[in-house]
Amino acid sequence: MNERLPISEIWVYLSGDPLFALIITLATYQLGYVLYVRAKRNPIVNPVAISVVLTCIIISVLEMPYEKYFEGAQFVHFLLGTATVALAVPIYNGFKRMKGKIFHMWVALMAGSTVSIISAVAIAQWMGASNNMVGSMYAKSVTAPIAMGIAERIHVSPTLTAVFTVITGMLGAILAPYILNALKIHQWWIRGTAIGVGAHGLGITRAFSVNEEAGIFASMAMGLNGVMSAIGLPIVLTYLRPYLGI
């Protein structure tokens, strides 16, 4: 007669398996997405924010080291870069819609990127943050894979940069609709461009869930902002580094 393993031993086995971390990641996001749909896609009920909070709670309760969690969830991390490259498809499909709007988009990109960097860095310095934390603010408004690459080039923490990037995306995806409505901005291409510059990948997901045109322009804005930042930001900071203290 086979002896049954106690539930506690099964749980210990599962919590030590790297794939368990992947299950946690996918399950919490699925739960967040279900709540998001049931809330009629209310931006406050952001599925990524829900997933992050639930995942943090679960791995804390299980006392699972981050390294163990990342070992299992790194497949999702790998897909992050792939998903970013795949945005080339909506960008290509949206080129025809850019007719007559290219100048406006470039102005929005330059202004949005500059204001985002200056305001974040200024607030961090005003609050007395360390140089490493302040430096991590420079690239937090581009998508995570590009932001981490920029962080490595300017010699600041890629991990901190990734954290601030995700927080920026979540806040942008949640707050952008309310801010744009308050400013009475209703044209979808303008809303999409603003969300793409300020909230990158998470903002794009939100934009596509509401309107296709907004999603396409958000994709183009994020892609162009990412390329511009990846090329220009390290060069500019190289010359300004002695004055910035990073």
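Values quoted throughout were computed directly from the atomic coordinates according to the rules given, and no laboratory measurement underlies them. On a predicted model such as this, the values are computed, not experimentally measured, just so you know.
Diffusion of segment 56-127 by Stokes-Einstein, at 25 °C in a medium of 0.890 mPa s and with Rh set to the Kirkwood radius over alpha-carbon pairs, works out to 148 µm²/s.
Please sort through the DSSP H helices of the chain and keep those with an alpha-carbon extent of at least 18 Å along the long axis and a Kyte-Doolittle average not below -0.5. Membrane-span-like by this criterion, though nothing is claimed about a membrane: 18-38, 47-61, 66-86, 102-126, 158-182, 212-244.
On average over all directions, what projected area in square nanometres does the chain have, based on the convex hull of its Cα atoms? Computed as one quarter of the Cα hull surface, the answer is 16.3 nm². What lysines could a cross-link reach from residue 184, if we take a straight Cα to Cα line under 24 Å and drop same-chain neighbours fewer than 8 places away? Correct list for residue 184: 40, 99, 101. Express in whole angstrom the spacing between the alpha-carbon centres of segment 129-150 and segment 109-126. Between the Cα centre of segment 129-150 and that of segment 109-126, the gap is 12 Å. The helix-only estimate of mean residue ellipticity at 222 nm for the chain, built from DSSP H runs of length n ≥ 4 each weighted as -39500 (n - 2.57), is -27000 deg cm²/dmol after division by the residue total. One chain, two ends: residue 159 and residue 61. Fully extended at 0.36 nm per residue, the span grows by 33.0 nm beyond their Cα-Cα distance.
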